[in-house]
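First the structure, in the form of C-alpha cells, and then the observations on it.
The values are calculated or read from the model by the stated rules, or taken from the named source; none is laboratory data. Note that the coordinates shown come from a computational prediction; the quantities given were computed from them, not determined experimentally. Positions of Cβ are backbone-derived with ideal geometry, glycine not excepted, and every protein chain shown enters the neighbour counts.
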Amino acid sequence: MTSLNDRRFNITFVNIILKEGSLQDDEFKLLEQMMYVASQKRNWHVPYEIITEKIYKSNFDSNIIESVEQKLRSYEFKNVNKEFVEKVTKDILRNVELAITQKVYIDKNVEIANSKLEEINHEFEEIQDTKSKIYTDFITILGIFTAITFAIFGGLQLIGNCLGNLTGKITLSKIGGILIITSVILLSVYLILIALMIGLSKLLSRSEDRRYKFTGKVTACIIGTIIGLFLIGCLFVFL
C-alpha cells in the first residue's frame, strides 16, 4: 500500500512530466533525482492512477503525449539505469495515451447524454404545454356547451312566457306582438349559437380548411323564417 510520502513523491513526479511547456534546468535535475530514487525503490511502479486522475481533471489532448515523450527522452539521465528510464518512459506514454483515449470517449458520451437529456426535457415541456392546453380547451369547450344550453333553454323559456301571457280575448294585435318578440328572441339565440359554434370550431380544429362552416342555404332559411315571423307580427299589430 502506498504511503503518504510515496504519494507525495508520485504526485510531484506526475506534475513534472505532465507540465505544459518545456522544463527548466532545475526541473530536469529534480526529475533526474526522482527517477534515481524511483529506480532504487522496491516494487515502485508508474503512478497510473495519479496520471489518469490529472488528465481527467485537465484539458489535455493528444498533444500531451508528444510533450511527455519529449521531456523524458530529450534529457540524459546520467545516474539512472537506461533500461529503467526506457521502461518507465514506455509505461508512462502508454498510460497517458490510454487516459487520453478514455477521456475523449467519456466526454463524447457525456455530450451525447446531455444532448439526449435536453431533447427529453424539451419533449417533456411540450407534453406539459399540451397537457395544460388540453385542460384549458376542455374547460372552454365545456363552458361553450353550457352557454349553448342556457341560450337555447333561456330562449324557449322566454317564448313560453310570452305565450303564457295570452290571457283573455285573443286578438291579432296580441298575436302580432308575440310573433315580433318571438322573432327577436329567436334571432338573438341563433346569433349567440353562431358565435359559440364558431369559437368551438376554432378550438377543436387548428386548420382553417377543417373548421366548421355554416351552410349558406340553411342559415338563409332560418334567418328568412325569423324575418318572416317579424313581418307577419308587424302586419298583425299595425293593420
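Restricting the first member to segment 149-162 and to residues that are in contact (Cβ under 8 Å) with a residue 12 or more places away in the chain, and the second to residues that are among the aromatic types (F, W, Y), the beta-carbon pairs closer than 9 Å and six or more apart or on different chains are G155/Y190. Across segment 183-205, which residue is nearest to Y135 (Cα to Cα) among those that are modelled with pLDDT of 75 or more and of a type outside the set (A, V, I, L, M, F, W, C)? So the residue we want is Y190. What is the number of the single condition among (1) modelled with pLDDT under 85; (2) aliphatic (A, V, I, L, M); (3) under 29 Å from Q102 (Cα atoms) that V80 does not meet? For V80, the failing item is (3). Looking at segment 171-192, can you tell me whether even one residue there is over 30 Å from A220 (Cα atoms) and surrounded by 10 or more Cβ atoms within 10 Å (Cβ to Cβ)? Yes, segment 171-192 has at least one match. Can you work out which of the residues in segment 7-55 that are touching a residue at least 24 places away in the same chain (Cβ under 8 Å) and acidic (D, E) is nearest to A99 (Cα to Cα)? Per the criteria, the residue is E20. Of the residues I148, I159, I144, the single one that is modelled with pLDDT under 80, closer than 30 Å to G233 by Cα and touching a Leu at 6+ places or on another chain (Cβ under 6 Å) is I148.
Among N79, N114, N43, N109, which is out of contact with any helix residue (DSSP H, G or I) (no Cβ under 9 Å at 6 or more places or on another chain) and in a loop (DSSP other than H, G, I, E, B)? Break it down stepwise before answering.
Details: N79 fails: out of contact with any helix residue (DSSP H, G or I) (no Cβ under 9 Å at 6 or more places or on another chain); N114 fails: in a loop (DSSP other than H, G, I, E, B); N109 fails: in a loop (DSSP other than H, G, I, E, B).
Of N79, N114, N43, N109, the one residue that is out of contact with any helix residue (DSSP H, G or I) (no Cβ under 9 Å at 6 or more places or on another chain) and in a loop (DSSP other than H, G, I, E, B) is N43.
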